[in-house]
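Peer 1: Input: one structure, supplied below.
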Amino acid sequence: MLRKKGLRVSDYMVTRPVVVTPETELFAAIHKILIHKISGVTVVDDDRNAVGMLSELDCLRAILSGSYYQEGVGTIRVGDHMTHGLESVGPDDQIVDVALSMLDHKHRRRPVVDERGKLLGQLTCRQLLKGVKEFDLPEDPRES
C-alpha cells in the first residue's frame with residue numbers, strides 16, 4: 001500500500017546525495033556536479049557529518065579568482081571554497097518552513113541531518129517544487 005506524502009522533509013529529500021570532502025580536489029567536485037546534472041554538492045567529513053556546501057557559483061568563483069592562477073590546476077581543494085556555516089534541516093521539518101528559509105537566505109539546497117549531525121539526505125528547490133506541485137497534480141514519472 002502506498003502512503004500519501006505529507007509536508008515533511010523526509011518525504012521529499014534526496015536520500016543519496018552526491019557528496020565530497022573538504023580535501024576533494026575542486027575539479028573532481030566540478031566533475032561530479034556536471035555528470036550528475038546538479039547545482040551543488042554537500043561537503044562531509046570522514047564521519048559523514050555535513051560540514052559545508054559547494055555550489056556551481058562557489059566553483060566559478062574559485063576558478064575565476066586569483067587563487068586558481070596562483071595554486072595551479074589540481075591543487076585547489078573544496079574546503080578552501082565551500083560555503084561554511086551550514087543551515088541544515090531535520091527529516092521531520094516541514095517543507096513549507098524550509099522553503100521560506102531557503103528564500104530568505106537565497107540557498108538552493110539544505111543538507112538533511114539527524115540529531116547527531118550525520119547526513120541523511122539533501123533537500124533542494126527541485127524537491128520542494130515537486131512536493132508543492134503534488135498537492136494540485138499527481139506525480140508524473142517523467143519528473144524523477
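The values are calculated or read from the model by the stated rules, or taken from the named source; none is laboratory data. No experiment lies behind these values; they were computed from the predicted model shown. Cβ placement follows ideal geometry from the backbone for every residue including glycine, while neighbour counts extend to all protein chains displayed.
Peer 1: Here is a check on your reading of the model: is residue 13 crowded, with 18+ Cβ neighbours inside 10 Å, modelled with pLDDT under 90 and within 29 Å of residue 131 (Cβ to Cβ)?
Peer 2: So residue 13 does not fit the description; no.
Peer 1: Filter segment 1-15 down to residues that are assigned to a strand (DSSP E or B) and not hydrophobic (A, V, I, L, M, F, W, C), then give me how many there are.
Peer 2: The qualifying residues number 1.
Peer 1: Also: Kindly list, by first and then second residue, each pair from a residue in segment 99-125 that is over 18 Å from residue 16 (Cα atoms) to a residue that is surrounded by 17 or more Cβ atoms within 10 Å (Cβ to Cβ) and hydrophobic (A, V, I, L, M, F, W, C), limited to pairs with Cβ atoms under 9 Å and residues at least 6 apart or on different chains.
Peer 2: Once the first residue is over 18 Å from residue 16 (Cα atoms) and sits in segment 99-125, its partners that are surrounded by 17 or more Cβ atoms within 10 Å (Cβ to Cβ) and hydrophobic (A, V, I, L, M, F, W, C) give 99/128; 101/89; 102/123; 102/128; 107/53.
Peer 1: Could you identify the single residue in 137, 100, 128 that is part of a loop (DSSP other than H, G, I, E, B) and either loosely packed, with under 15 Cβ neighbours inside 10 Å or at pLDDT below 90 (or both)?
Peer 2: Unique residue meeting the criteria: 137.
Peer 1: Take the conditions surrounded by 14 or more Cβ atoms within 10 Å (Cβ to Cβ), of a type in the set (A, V, I, L, M, F, W, C), modelled with pLDDT of 85 or more and not in a helix (DSSP H, G or I) and apply them to residue 86. Does it pass?
Peer 2: For residue 86, the condition - surrounded by 14 or more Cβ atoms within 10 Å (Cβ to Cβ), of a type in the set (A, V, I, L, M, F, W, C), modelled with pLDDT of 85 or more and not in a helix (DSSP H, G or I) - is not met.
Peer 1: (1) within 17 Å of the chain's Cα centre (by Cα); (2) under 16 Å from residue 14 (Cα atoms); (3) part of a loop (DSSP other than H, G, I, E, B): which one isn't true of residue 53, the others all being true?
Peer 2: Among (1) within 17 Å of the chain's Cα centre (by Cα); (2) under 16 Å from residue 14 (Cα atoms); (3) part of a loop (DSSP other than H, G, I, E, B), the lone unmet condition for residue 53 is (3).
Peer 1: Just to verify a result, which residue in segment 16-44, among those that are surrounded by fewer than 15 Cβ atoms within 10 Å (Cβ to Cβ) and assigned to a loop (DSSP other than H, G, I, E, B), is modelled with the lowest pLDDT?
Peer 2: Only one residue fits best here, namely 39.
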